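Encoded as structure tokens, the structure appears first; notes follow it.
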Amino acid sequence: MLARKGLLPDGFLLTRLAEDQNQPNRSRSRAQRARFITKTGSCNVAHKNIREQGRFLQDVFTTMVDLKWQHSLLIFTSAFLCSWMLFAMIWWLLAFAHGDLEPRDPNGEPGPVPCVTAIHSFTSAFLFSIEVQVTIGFGGRMVTEECPLAITVLIIQNILGLIINAVMLGCVFMKTAQANRRAETLIFSRNAVIAPRNGRPTFMLRVGDLRKSMIISATVQLQVIRRTVTAEGEVIPVCQLDIQVENPLRSNGIFLVSPLIISHTMERGSPLYELSAQSLSSEDLEIIVILEGVVETTGITMQARTSYTPEEILWGRRFVSIITEEEGRYCVDYSKFGNTVPVRISCLSAKELDQTRGVQEGGSEAQLQGWGLVRAGRGGFRRGGRACESSAPQPWYAQTEKPEKEAEQKGQKKTVQLEVIGRQTDEDGL
């Protein structure tokens, strides 16, 4: 349809369809892997058989903040209702003990002064409890100086009501100002890519911030989660290995004003050093990205997380540029945030490429003979230049007679060998 409207050429669509057909469906070839970190950043870990449940009650405030909104609102509502009912029962008992609930003749003589005026039943006692705790004070009911115990109950209920209000407001504030709320506007590219950069295969991903307020002291950390087996046969189901982020300052700090491409060079010492295009689909690994920083407006430390499985890592592709300069300022086109284009890259791993280029396993440099190694095509080397005539090493200034004869034939000046000059100087000295 896009080709018919002239938006895209037909050749591009045909090439794209051929690439999609040739690309194997990794999700169908293997069972779905269990993610350690989901794409939204939540930890995919279930805690079971916890025997010491009482430890959560020792930190009630954190437990309340960690609860879901519906559970927190249910607890707050239950706390208010229980406190109102409890003190309503206390006020009713005080009125009953003082004789305020006995029926009186309105035309007769006035009786003793009640502890609380206008309390005739449990319903009126419940309404008075609500008025006291939320400090409404309609004016129809009030405590008199007749009962000192009623004054004491009034003070206790006011203090308890303030405590419940303080805990409720604190929990609501912490739940609304949590650091993961700020992480909702931090976006990561859906796929990571592996493409050549400066002659080396590089793992890359893109991260961006949708808000204008900055993340202060932002740092990025990469980790590889994989199942490993030690030399003693111990199986480690979740082994975490750090990945060095490519940064000239040798630190993980970034200045996240515009979307950045976080890269990691797959070189010697990298956990991805032996990763190739063929082994990528069969690898049981997960690359976790952790972005930490301080929110500029609130000063709260936040953390955003995501992960990439082998199905979400594209080999031989790179991100397109999304930053342009328009009218004296830089503009970011977020519609191309996750777009990639194919690039030419070898299917070999970084280790195999180093071995092909002549890099020894122990890190020693290759011994060069004659002129050493000469580039031979793509990814290979061949022996080039002239070989040494003898086994003895030749000096750097040693030259043959063939270039001299060619120079004379061309009309150039004759080049005198340094050894001859040195011999003539010794003869003159003698």
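Accessible surface area normalised per residue over the range 28-144 is 72 Å², counting heavy atoms of protein chains with a 1.4 Å rolling probe. In order along the range 316-328, phi translates into HN-Hα couplings of x, 9, 9, 7, 7, 6, 10, 10, 10, 9, 9, 6, x Hz, rounded to whole numbers, per the Karplus curve 6.51 cos²θ - 1.76 cosθ + 1.60 with θ = phi - 60° and x for Gly and Pro.
Near residue 343, the amide H atoms lying under 5 Å from its own belong to 317, 318; only residues 5 or more places off or on other chains count, and H is placed 1.01 Å from N. Using a simple spin-label model with pseudo-atoms 7 Å out from Cα toward Cβ, residue 67 and residue 197 lie 4.7 nm apart. Coupling constants for the range 145-160 follow from the phi torsions by the Karplus curve (6.51 cos²θ - 1.76 cosθ + 1.60, θ = phi - 60°), and in residue order they are 7, 6, 10, x, 5, 5, 5, 5, 5, 4, 5, 5, 5, 5, 5, 5 Hz; glycine and proline get x. Taking the average, over residues, of other Cβ atoms within 10 Å as the packing measure, peptides 273-286, 51-64 rank 273-286, 51-64 from highest down. In terms of packing, defined here as the mean over residues of other Cβ atoms within 10 angstrom, the peptides 259-271, 155-167 line up highest first as 259-271, 155-167. Our note on the geometry: Cα centres of the range 130-197 and the range 198-253, 39 Å apart. For the cross-link pairs 175/336; 68/212; 68/336, the ones whose C-alpha atoms lie over 32 Å apart are 175/336; 68/336.
Between the beta carbons of residue 58 and residue 344, assuming R0 = 45 Å, the FRET efficiency works out to 0.15 to the nearest 0.05. Put the Cα centre of the range 41-86 next to the Cα centre of the range 93-121 and the gap is 43 Å. Counting only protein heavy atoms and a 1.4 Å probe, the range 182-357 has 52 square angstrom of accessible area per residue.
Structural descriptor for the range 182-357: relative contact order 28 percent, calculated from alpha carbon pairs under 8 angstrom and at least 6 residues apart. The phi torsions of the range 42-49, fed into the Karplus equation with coefficients 6.51, -1.76 and 1.60 and a -60° offset, translate into couplings of 7, 7, 8, 10, 9, 8, 10, 6 Hz, rounded to whole numbers, with Gly and Pro shown as x. Using a 1.4 angstrom probe on heavy atoms only, work out the carbon and sulfur share of the accessible area of the range 182-357 in %. Percent of accessible area from carbon and sulfur atoms in the range 182-357: 49.
The values are calculated or read from the model by the stated rules, or taken from the named source; none is laboratory data. Only a predicted model underlies this, so the values are computations on that prediction, with no experimental measurement involved. A quick note on method: Cβ atoms are made from the backbone with ideal geometry, for glycine too, and the neighbour counts reach across all protein chains shown. With ligands, DNA and RNA removed, areas are computed over all heavy atoms of the protein, side chains included. Shrake-Rupley method; radii C 1.70, N 1.55, O 1.52, S 1.80 Å.
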